[in-house]
Amino acid sequence: MRKYLIALLALVAALPVPGRPNPPAQEQNRVRLSKITVDPARVAEYNALLKEEIEASMRLEPGVLTLYAVTEKERPEIVTILEIYADETAYRHHIGTPHFQKYKQGTLDMVQSLELIDAVPLIPGLKIK
């Protein structure tokens, strides 16, 4: 788990710092953590829709750099998604796509809580191995 946390923190390092002139491309990334609680009785159904959405986003959208979903080992209804987009425009495009809208509408009654956390990278430009 510590390895994943370190990787997550490193990936978060790709966000821009306000006031810094002309940041490099990797510092213009939009980074977010989505923390989701799913109805425990519908976890398998939710996971299938999430998998379909992530696979389509990664395949079809060049501006989606990372969508990495994990669940808590002891509580599989707790989902956290690391989202990294090339920039704000890529994020806005993503949430308007048919595959995202299918996921969003299809899971509305499964999601018990949703917390969106905008994040700031600690090590800009670090890549996942």
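Can you compute 3J(HN,Hα) from phi for each residue in segment 76-85, using the Karplus curve 6.51 cos²θ - 1.76 cosθ + 1.60 with θ = phi - 60°, rounded to whole Hz and x for Gly and Pro?
So the J values, rounded to whole Hz, are x, 7, 9, 10, 10, 10, 8, 10, 10, 10.
Output ³J(HN,Hα) for segment 58-64: one whole-Hz value per residue in order, computed from phi by the Karplus curve 6.51 cos²θ - 1.76 cosθ + 1.60 with θ = phi - 60°, and x for Gly and Pro.
Ordered by residue, 3J(HN,Hα) equals 5, 7, 9, 10, x, x, 8 Hz.
Give the cross-link partners of LYS127 among the lysines, using a straight C-alpha distance below 23 Å as the criterion and excluding same-chain residues fewer than 8 apart.
LYS3, LYS35, LYS51
The numbers here are math on the coordinates, done by the rules we state, and not lab data. These numbers were taken from a predicted model, which means no experiment stands behind them.
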